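Student: Provided herewith is a single structure, encoded as structure tokens, for subsequent inquiry.
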Amino acid sequence: MRKAVAGAFLFAGLLIGTTGAGAADVEVDAGSAPEMSGWYLAVSGGLNKVFDLDYDADAGAPFDTDGDIEFNYGWRGGAAVGMYFSDNLRGEIEFAYSSTDADEVDGENADGSLNIFSVLAKIDLALGEFFGFWRPYVGVGAGFAHVNIDDIGGPAEADGSDTVFAAAIEGGSRFPLTDSVDLFTQTQLMLLGDIEGDVPAGSIDLDSPLVLSSSVGLRINF
């Protein structure tokens, strides 16, 4: 799974690098980018999924020496400020928060949640215009995430917080509603670094969480 994710990041990076280099040679409909300052604000919300996590712990029931934690679906909210560099290339800073409840620890019902606040610097590349209204894009990003382990477990719980590196790939679609407002949908896959936390009389490490989110939002162009 990790090799597949790494390959996806590499592919997205190469795609943006090679396509962005020839951006000046690509003919894009004049309406595909706002005829304004180029700056925009975006807000979005949607669903969040943390894939099953492997962990290593040195003490504290119900956690074994190592095992896995399963999660339910959660929610995600985000905001971004960005700028169009050209008709098909834009960059933004994205701020997002998600909360995902734990479902099971080593097959046993569990309480608690994993809460993630992330800040990513991103580059998105438009892939053209289709049917006169559909404008898909792909992107990559990197930054950091502050992760809070909020009482995950049963009678004995994992807790604590950590700030780790974060990287993401994403794909989405832009649907202009007016000259200044776009509707967009976006799916993002974010990979985090290992997270350190605490369990009773010991510590716990969560191995590189992989977070999938799907959102819908509005982008306001200035």
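Student: Could you list, in sequence order, the residues of segment 34-53 that are surrounded by 14 or more Cβ atoms within 10 Å (Cβ to Cβ) and among the charged types (D, E, K, R)?
Tutor: The one that is surrounded by 14 or more Cβ atoms within 10 Å (Cβ to Cβ) and among the charged types (D, E, K, R): K49.
Student: Taking the condition of being closer than 24 Å to G143 by Cα, without any contact (Cβ under 8 Å) to a residue 60 or more places away in the chain and among the hydroxyl-bearing types (S, T, Y), how many residues in segment 166-220 meet it?
Tutor: Going through segment 166-220 one residue at a time, the tally reaches 3.
Student: So which residues in segment 174-202 are surrounded by 18 or more Cβ atoms within 10 Å (Cβ to Cβ), under 24 Å from A121 (Cα atoms) and of a type in the set (G, A, S), if there are any at all?
Tutor: G193
Student: Right, next: Condition check: at positive phi and in contact (Cβ under 8 Å) with a residue 12 or more places away in the chain. Does D68 satisfy that?
Tutor: no
Student: Does A158 qualify as being at pLDDT below 95 and of a type outside the set (S, T, Y)?
Tutor: Yes: the conditions hold for A158.
Student: Please state which one of S214, S208 is part of a loop (DSSP other than H, G, I, E, B), modelled with pLDDT of 95 or more and under 17 Å from the mean Cα position of the chain (by Cα).
Tutor: Sole residue among the options that is part of a loop (DSSP other than H, G, I, E, B), modelled with pLDDT of 95 or more and under 17 Å from the mean Cα position of the chain (by Cα): S208.
Student: Tally time: how many residues in segment 99-156 are farther than 30 Å from G172 by Cβ and among the aliphatic types (A, V, I, L, M)?
Tutor: Of the residues in that region, 4 qualify.
Student: A follow-up question, please. Is it the case that some residue within segment 109-123 is farther than 20 Å from L189 by Cβ, in contact (Cβ under 8 Å) with a residue 60 or more places away in the chain and in contact with a helix residue (DSSP H, G or I) (Cβ under 8 Å, 6 or more places away or on another chain)?
Tutor: No, segment 109-123 contains no residue that is farther than 20 Å from L189 by Cβ, in contact (Cβ under 8 Å) with a residue 60 or more places away in the chain and in contact with a helix residue (DSSP H, G or I) (Cβ under 8 Å, 6 or more places away or on another chain).
Student: Given the conditions (1) touching a helix residue (DSSP H, G or I) at 6+ places or on another chain (Cβ under 9 Å); (2) closer than 26 Å to S37 by Cβ, and given that D182 satisfies all but one, which numbered condition is not satisfied?
Tutor: Status for D182: all satisfied but (1).
Student: Continuing with this model, one more query. Quick check: is even one residue across segment 126-144 within 29 Å of D66 (Cβ to Cβ) and touching a His at 6+ places or on another chain (Cβ under 9 Å)?
Tutor: No, there is no match, as no residue in segment 126-144 is within 29 Å of D66 (Cβ to Cβ) and touching a His at 6+ places or on another chain (Cβ under 9 Å).
Student: Given (1) at positive phi; (2) crowded, with 21+ Cβ neighbours inside 10 Å, identify the lone condition not met by D151.
Tutor: (2)
Student: Could you please let me know if G13 is at pLDDT below 95, out of contact with any Gly (no Cβ under 6 Å at 6 or more places or on another chain) and in a strand (DSSP E or B)?
Tutor: When the stated conditions are applied, G13 does not pass them.
Student: Which members of segment 148-173 meet the condition of being of a type in the set (G, A, S), in a strand (DSSP E or B) and farther than 23 Å from I123 by Cβ?
Tutor: Answer for segment 148-173, where residues must be of a type in the set (G, A, S), in a strand (DSSP E or B) and farther than 23 Å from I123 by Cβ: G153, A158, G160, S161.
Student: Then there's this: Within segment 69-108, restricting attention to residues that are crowded, with 21+ Cβ neighbours inside 10 Å and among the β-branched types (V, I, T), which residue is farthest from the chain's Cα centre (by Cα)?
Tutor: Of everything passing the filter in segment 69-108, V105 is farthest from the chain's Cα centre (by Cα).
The values are calculated or read from the model by the stated rules, or taken from the named source; none is laboratory data. Model, not experiment: these values are computed from the prediction. FYI the Cβ positions are ideal-geometry reconstructions off the backbone, even for glycines, and counts take in every protein chain you see.
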